[in-house]
Each structure stands twice: as C-alpha cells, then as structure tokens.
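Undergrad: Dumping the structure here so I can ask a few things about it.
The values are calculated or read from the model by the stated rules, or taken from the named source; none is laboratory data. Worth saying up front: this structure is predicted, and the values here are computed from it rather than measured. Cβ sites come from the backbone with ideal geometry, for glycine too, and all protein chains shown count toward neighbours.
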Amino acid sequence: MPILAVDTTTRTCSVAVVSRSRLLFEMTTDNDETHTLHLMGMVDQALVQAGISLDALDGFAVTRGPGSFTGLRIGLSSVKGLSMATGKPIVPVSSLEVLAVQARSISNASDLIVSVIDAYRREVFLAGYRLKDNQMIEVMGETVIKPDQVAELTTGVPGNVIFVGNGAVAYREKLAGRLKPGAHIRFAPDNLHVIRAVTVGEIGLDRLDTGGMTAADIMPVYLRKSDAQIHLASSTQ
C-alpha cells in the first residue's frame, strides 16, 4: 500500500513515497526559493526512484497546516490535483502533530510534547501532545500565540516539557527563559525540528484504512489571517 506524502508548511519542502513495510524514497530541500519551483519535480523524482507509477499509489498524505500561507496553498493544490487526476483519496495531517510524532522517540507517557512552528510576526503556531498507547493524543489545542505566552500554557504540567519544531529553535532562549525555575524542559535534537514527509506518510497510512478524503473536502488550517488580509482590513478602516 504505497502512498505519496508531501509537506510544504515551512521553508523546507519534503516528499516521500512510503509503504507499510518501508520507506521507498524521501527527498527534502531547504532554501529561500518558492516551493512552486521544486515540488512537482520532486514528486516526479520520488516516483521514479521508488519505482512506482502515479496510478499505482493507493493515496496521498499532505500537511494541512498550520504553517506558511503560500506553502500550504502550493502543497494542498498540488496534491489535490494529483488526487483528482487519479481518483485516489487524500489524508490531511496536522503539521504540529507530525513534529510530535517525530519526537516520540525521545519521550515517554509522562512528557508533554509541545510542537512549535515559527509563524513570523513574533508569533508561533503551537499544540501539545502526550503519548498514550503508542499514539499521540492532542491535549493542548492548535493555536497561534506570542512566544512569551508559552510559559503560561506549560507551567505546572506534570512530567517533562519537550519542545520541537523550528519555532522552538527560533525562540529557544525566550522559551527557556520564560519558564519558572525548576521547570523540567528539554529541546528536541536538531534532526527532529524539520517536518519530514516520511512521518506525514506514516500517519497517513494509519488513517487511510478508515478512508481518506476527496480533494473537495480538504481545507487548509491557517489559524490566523494572512498578511494580505490584515493589510486589506486596515486599509478599508
């Protein structure tokens, strides 16, 4: 049951072909260029390297946000187009959940994993998870807040607090400095802060059994208005 997985929510762009038994191919780029220039070429390369045709896929998995407005639109529209062309279902996956799953290897059931994505404008996208029965359970809903406010959400929670994601990297000193003395905090190692398409695919495979969604049903999760919307609103006041 191979599926194609895609992530374009941050400055990195990641594509993978994943099956139940193994990772067939994965490619991740990190540069300042728009994902439009690379994504479909990466998809073509992934399919060739995996030795699988587009029609042989059982479905698709794609991060639905939160993240970059432009990046989300590129990733979702591309995967929707592939889904419509093949008639195969899509599994939308939270970008914050992906980060939490990647941090599973360094956590236990008593830890709170806080996924943090840099939202720019001095804000972060954030959600909290705990590991239960080998599944990531969301215990702190997705939100967008100032880094200074993170301490208020995590103060007094039992167990360790593990921060993961590029927002944790960007605001590491601020996150650590704002927590109360004695707080048990850890930051995930560098290799876990980047959203990987293989993890998107693994989550997607687990959920494809219960049925994916059609392209028309998939909606991005932005959590806030875009810069263009904010500028338009302010200019009309």
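Undergrad: Can you name every one of the strands (runs of 3 or more DSSP E) wholly within the range 1-115 that holds 3 or more residues which are closer than 25 Å to PHE163 by Cα?
TA: Output list reads 3-7, 12-18, 23-30, 59-63.
Undergrad: Give just the number: which of (1) surrounded by fewer than 19 Cβ atoms within 10 Å (Cβ to Cβ); (2) under 18 Å from THR9 (Cβ atoms); (3) in contact (Cβ under 8 Å) with a residue 40 or more places away in the chain does TYR120 not satisfy?
TA: Result: TYR120 passes all but (3).
Undergrad: Find the residue count for the range 1-32, including only residues that are surrounded by fewer than 19 Cβ atoms within 10 Å (Cβ to Cβ), in contact with a strand residue (DSSP E or B) (Cβ under 9 Å, 6 or more places away or on another chain) and under 19 Å from GLY67 (Cα atoms). First the steps, then the outcome.
TA: Initial filter on the range 1-32 (surrounded by fewer than 19 Cβ atoms within 10 Å (Cβ to Cβ)): 1, 11, 19-23, 27-32.
Okay, now just the ones that are also in contact with a strand residue (DSSP E or B) (Cβ under 9 Å, 6 or more places away or on another chain), so 1, 11, 19, 23, 27-31.
Subset that is under 19 Å from GLY67 (Cα atoms): 11, 28-31.
So the answer is 5.
Undergrad: Any chance the range 35-54 includes a residue that's in the same structural domain as PRO220 (by TED's automatic domain parsing) and acidic (Asp, Glu)?
TA: If we filter the range 35-54 for residues that are in the same structural domain as PRO220 (by TED's automatic domain parsing), which is where we start, we get 35-54.
After this cut, where a residue has to be acidic (Asp, Glu) as well, the list is 44.
Within the range 35-54 (the criterion being in the same structural domain as PRO220 (by TED's automatic domain parsing) and acidic (Asp, Glu)), the answer is yes, since at least one residue qualifies.
Undergrad: Out of (1) free of Cβ contacts under 8 Å to residues at least 40 places away in the same chain; (2) within 20 Å of LEU223 (Cβ to Cβ); (3) polar (S, T, N, Q), what's the single condition that is false for SER94?
TA: (1)
Undergrad: If you don't mind, there's one more thing I want to ask. So is LEU57 buried (at least 19 other Cβ atoms within 10 Å of the Cβ), under 20 Å from THR210 (Cα atoms), touching a strand residue (DSSP E or B) at 6+ places or on another chain (Cβ under 8 Å) and free of Cβ contacts under 8 Å to residues at least 60 places away in the same chain or not? Walk me through it before giving the result.
TA: Working: buried (at least 19 other Cβ atoms within 10 Å of the Cβ): yes; under 20 Å from THR210 (Cα atoms): yes; touching a strand residue (DSSP E or B) at 6+ places or on another chain (Cβ under 8 Å): yes; free of Cβ contacts under 8 Å to residues at least 60 places away in the same chain: yes.
It is true that LEU57 is buried (at least 19 other Cβ atoms within 10 Å of the Cβ), under 20 Å from THR210 (Cα atoms), touching a strand residue (DSSP E or B) at 6+ places or on another chain (Cβ under 8 Å) and free of Cβ contacts under 8 Å to residues at least 60 places away in the same chain.
Undergrad: Taking the condition in contact (Cβ under 8 Å) with a residue 40 or more places away in the chain and surrounded by fewer than 18 Cβ atoms within 10 Å (Cβ to Cβ), does ASP111 pass?
TA: Numbers: in contact (Cβ under 8 Å) with a residue 40 or more places away in the chain: yes; surrounded by fewer than 18 Cβ atoms within 10 Å (Cβ to Cβ): no.
When the stated conditions are applied, ASP111 does not pass them.
Undergrad: Inspect the range 153-166 for any residue being buried (at least 22 other Cβ atoms within 10 Å of the Cβ), free of Cβ contacts under 8 Å to residues at least 40 places away in the same chain, within 14 Å of the chain's Cα centre (by Cα) and closer than 26 Å to ARG207 by Cα and give the result as yes or no. Before you say what the answer is, go through the steps one by one.
TA: Of all residues in the range 153-166, those buried (at least 22 other Cβ atoms within 10 Å of the Cβ) come to 161-165.
Okay, now just the ones that are also free of Cβ contacts under 8 Å to residues at least 40 places away in the same chain, so none.
No, there is no match, as no residue in the range 153-166 is buried (at least 22 other Cβ atoms within 10 Å of the Cβ), free of Cβ contacts under 8 Å to residues at least 40 places away in the same chain, within 14 Å of the chain's Cα centre (by Cα) and closer than 26 Å to ARG207 by Cα.
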